[in-house]
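Everything below concerns the one structure shown next.
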Amino acid sequence: MPATAFLLAAGLGTRLRPLTDQLPKALVPVCGVAMLDHALALVRAHGHRRVLVNAHHLWQPVAAWAQTHDVALQVELPDILGTGGGLRAAIDRLAETVVVVNADILCDVDLSALADAVPLNGAAMALRPSTRAAQIGPVEPDDHGRIVRISSVVGQPGSGQAGFHFTGVHALSRAAIQRVPADGLQCVVRTAYRQLVPLGLVGSIQHHGAWIDIGTPTAYLDANLAVLRGQVRAPVDPWSRGRHVATDSWAGPDARVDGIIFQSVIGAGAVVSTDTELSRCVVWDGVAVPPGHYERTIFASDGVVVRA
């Protein structure tokens, strides 16, 4: 059976280093739940049972995740293929329309409405209104939702409605994916979308719900805190996998918290001793936090400590 959903998990995670030196970005946990678990929960909530994930950087953990979650795998070696190249390489394994979700985005985009917005032989993008759209990368739809401009790639400023950016979540027909060259590293926007926009073959939906890009350590920490505070509803409810501690914090199974913590996330099997104070921190599974007082700090595997 062809896949109707494609999870992008092959990125190098450069901006998130050193957190991604030992763990691929797609598997970093947000409130104890791997980003790929959040992405899979989103696509499955919209009825997608056949799912494909790609992998490149630290691909072995992604392969293990795919096997335990009944997800098909595409390993891209020796070179990374990019957003377009990965889709083009998977063309024979994809359905006539496929939704594409970046595993480093935490969101609740309506994937069913997105798929319905795909024109014949075209594609559709989920757009988010933002006052920072011009800085992130402006994307302009017309009054009917058809995309008429994508940043500096195609179209002219002022062609459509301003104030939107691309969420990284989209849906494409096989015909659209076939517009991507079948060799090496390719960007889907600079290949397929550059051709489709002038033809009026890119639809859109507006997304006004949750959306967080965890691209940097600061954004990653803020994503954990937003989910912890209930400001963002994640596709996987972290409280189904952990418990409240110190009233305003989350702890995974077998975590031991003897110190003082405030608005922090403590991974499964982690240890916070009596001589430790944490404020707005994230501790990964199995990590023993060194004694001391810490604010806005990430304690990752293999002794990696990042102050965000």
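Please work out if residue 190 is part of a loop (DSSP other than H, G, I, E, B), at pLDDT 95 or above and assigned by TED's automatic domain parsing to the domain that holds residue 8.
Answer is no for this residue.
Can you tell me which residue is farthest from residue 212 (Cα to Cα) among those in the stretch 109-158 that are touching a His at 6+ places or on another chain (Cβ under 8 Å) and of a type in the set (Ser, Thr, Tyr)?
Among those residues, the one meeting the criterion is 112.
Looking at 203, 242, can you tell me which residue is among the small types (Gly, Ala, Ser), at negative phi, touching a Pro at 6+ places or on another chain (Cβ under 8 Å) and at pLDDT 95 or above?
203
Taking interchain pairs and intrachain pairs at least six residues apart, which have beta carbon atoms under 8 angstrom, with the first residue in the stretch 138-167 and closer than 12 Å to residue 189 by Cβ and the second aromatic (Phe, Trp, Tyr) and assigned to a strand (DSSP E or B)?
As it stands, the answer is 139/164; 139/166; 150/166, since those pairs meet every condition given.
Considering each residue of the stretch 180-210, count those that are in contact with an Asp or Glu (Cβ under 8 Å, 6 or more places away or on another chain) and not small (Gly, Ala, Ser), and give that number.
Final tally of qualifying residues: 3.
For (1) assigned to a loop (DSSP other than H, G, I, E, B); (2) in contact with a Cys (Cβ under 8 Å, 6 or more places away or on another chain); (3) without any contact (Cβ under 8 Å) to a residue 60 or more places away in the chain; (4) surrounded by fewer than 24 Cβ atoms within 10 Å (Cβ to Cβ), each residue gets a yes or a no:
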{"site": "37", "(1), (2), (3), (4)": "no, no, no, yes"}
{"site": "44", "(1), (2), (3), (4)": "no, no, yes, yes"}
{"site": "60", "(1), (2), (3), (4)": "no, no, yes, yes"}
{"site": "79", "(1), (2), (3), (4)": "yes, no, no, yes"}
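Please find, within the stretch 269-286, the residue that is nearest to the chain's Cα centre (by Cα) out of those that are among the β-branched types (Val, Ile, Thr) and under 21 Å from residue 216 (Cα atoms).
Residue satisfying both the conditions and the ranking: 282.
So for the stretch 187-208 (the condition being within 17 Å of the chain's Cα centre (by Cα) and surrounded by fewer than 14 Cβ atoms within 10 Å (Cβ to Cβ)), does at least one residue qualify?
Yes, the stretch 187-208 has at least one match.
What is the number of the single condition among (1) out of contact with any helix residue (DSSP H, G or I) (no Cβ under 6 Å at 6 or more places or on another chain); (2) at positive phi that residue 210 does not meet?
Condition (2) is where residue 210 drops out.
The values are calculated or read from the model by the stated rules, or taken from the named source; none is laboratory data. From a predicted model like this one, the values you see are computed outputs, not experimental measurements. Here the Cβ is made from the backbone with ideal geometry for all residues, glycine too, and neighbour counts use every protein chain on show.
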